[in-house]
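The structure appears below as structure tokens.
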Amino acid sequence: MEERTYKTMGGAGAMNIAIGVISIVFGVTGGVLLLIGGAKLLAGRNKILF
């Protein structure tokens, strides 16, 4: 019984680490895309005619 609990905890820990790494990658990617989009908007705002 204790061995089964040990294996389950090991699997859950590994899964949490994997999900954490994936979350960091998506977070950084999203942040970079937002920065690029914001920079393009700021650079193009002087081209707008009212």
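The values are calculated or read from the model by the stated rules, or taken from the named source; none is laboratory data. Being a predicted model, the structure only gives us computed values, none of them experimental. A quick note on method: Cβ atoms are made from the backbone with ideal geometry, for glycine too, and the neighbour counts reach across all protein chains shown. Please note that ligands, DNA and RNA were not included when accessible areas were found on the heavy atoms of the full protein model with its side chains. Shrake-Rupley method; radii C 1.70, N 1.55, O 1.52, S 1.80 Å.
Note on region 1-33: residues that are surrounded by 10 or more Cβ atoms within 10 Å (Cβ to Cβ), among the polar types (S, T, N, Q) and more than 20 Å from the chain's Cα centre (by Cα) amount to 1. Open to solvent by 90 Å² or more (accessible area, probe 1.4 Å), out of contact with any His (no Cβ under 7 Å at 6 or more places or on another chain), part of a helix (DSSP H, G or I) and of a type in the set (Val, Ile, Thr): does that describe ILE36? Against the criterion (open to solvent by 90 Å² or more (accessible area, probe 1.4 Å), out of contact with any His (no Cβ under 7 Å at 6 or more places or on another chain), part of a helix (DSSP H, G or I) and of a type in the set (Val, Ile, Thr)), ILE36 does not qualify.
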